[in-house]
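The values are calculated or read from the model by the stated rules, or taken from the named source; none is laboratory data. Since we're looking at a predicted model, the values are computed, not measured. Please note: Cβ atoms are built from the backbone with ideal geometry, for glycine as well, and neighbour counts cover all protein chains shown. Surface areas here come from the heavy atoms of the whole protein model, side chains and all, with no ligands, DNA or RNA. Shrake-Rupley method; radii C 1.70, N 1.55, O 1.52, S 1.80 Å.
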Amino acid sequence: MTRTLDCVYGRPKGPLPDDIASTRRLLGMTDESIRRDVCELTQWLRDQPNLPNTLDGVELDWWMENYLVMNKNEVERVKDNLPVYFQLKTIIPEVMNNRDPKTNKDMIKGYDTTLIGLVPTVMDGGRKLAVYMHRQDTPTSDYSPVGIAMHLTCLADLYLAQGIDHIKLVLVIDMRTVRLGHLARYPLGMLRRFFLYAWKAYPERVAQIHIINPPAILSVIMAMFKPLLKAKIRKRMIVHRHFETFLEHVPLKYMPKDYGGESPSLIELHEAWRQKIIDHQPYFKKCSAKHRVVDKKANVESSENNMSS
């Protein structure tokens, strides 16, 4: 039975969970620095005429603390990125609205044609492992990149509400089942806006991108995606022709058991996050409706100019 959670997310009572507390320590954050920086940021937010000064469904101080973590504990970076977070609902509405895995056709297709597993165990240095692949024996015509983008923003929003327990992501992309038909499904306009704006609104740090089981069409895939990535991210991409070279970077024990690791299977991880997003639907609906610019005519072009400067 689906359990729908409608609550206000806030800082846990008592000491922070070990993984969340460890993330703060790795970033050099202390109770005193968090209070100081969050106070400055919440006051800054109140002074912005086109931005909301409160967030429905979550305690503002707690959310701001997590957004500070996502921005590498850099106050000025938060001020630069936060307006884009609120504008995202109008910049890519096809991604940010109706993010319901039970009713949204794009999300349903995204879940049914891919596997996205976020390994719960945090690795050394505050790194977290995510594994992605296309499901075998599903038609390429059913694949929905928009649905995947919706899923990724839900992951980020839930971490901001519940607490970020890592500093960097290590992405593993298993390309053994990628076909040209999948590439034809990408709406290039949305893809460009997503990479340009969503990565700024949710500035998740990517430590490495590992490509395993590369297909014969790898050069076509790279030609499509590399221009959309920042130079520093492109430099962090590693293609592995053999699984053994991948294991030089990621210990096998962290991988899903499909690959011989000790973590839950990729389908188990995938379905666990699908259920989480179903369970927390009231919060995602509040994010879409309320976590947005007050002035709906906010100048998106101005934001793009700021990012390119």
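Key figures for this structure:
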| quantity | calculated |
| --- | --- |
| Flagged links, alpha-carbon separation over 27 Å, of Lys89/Lys168; Lys13/Lys232; Lys13/Lys128; Lys89/Lys253 | Lys13/Lys232; Lys89/Lys253 |
| Accessible area of the chain belonging to carbon and sulfur atoms, whole % at 1.4 Å probe | 52 |
| Highest to lowest packing among 144-152, 240-248, 40-48, scored as the average C-beta count within 10 Å | 144-152, 40-48, 240-248 |
| Net charge over other residues, Cβ less than 15 angstrom from the Cβ of Glu271 (K, R count +1; D, E count -1) | +2 |
| Mean-position separation - Cα centroids, region 1-54 and region 177-253, in angstrom | 30 |
| Relative contact order, percent, the chain [alpha-carbon distance under 8 Å, six or more residues apart] | 26 |
| Å² of accessible area per residue within region 89-148, as computed with a 1.4 Å probe and no ligands counted | 37 |
| With eigenvalues of the C-alpha gyration tensor scaled by 5 and rooted, the chain, Å | 30, 23, 20 |
| Surrounding net charge for Asp6, when Lys and Arg each add one and Asp and Glu each subtract one, Cβ distance under 13 Å | +1 |
| Computed [θ] at 222 nm, helices only, for the chain once each DSSP H run of length n ≥ 4 contributes -39500 (n - 2.57) | -13500 deg cm²/dmol |
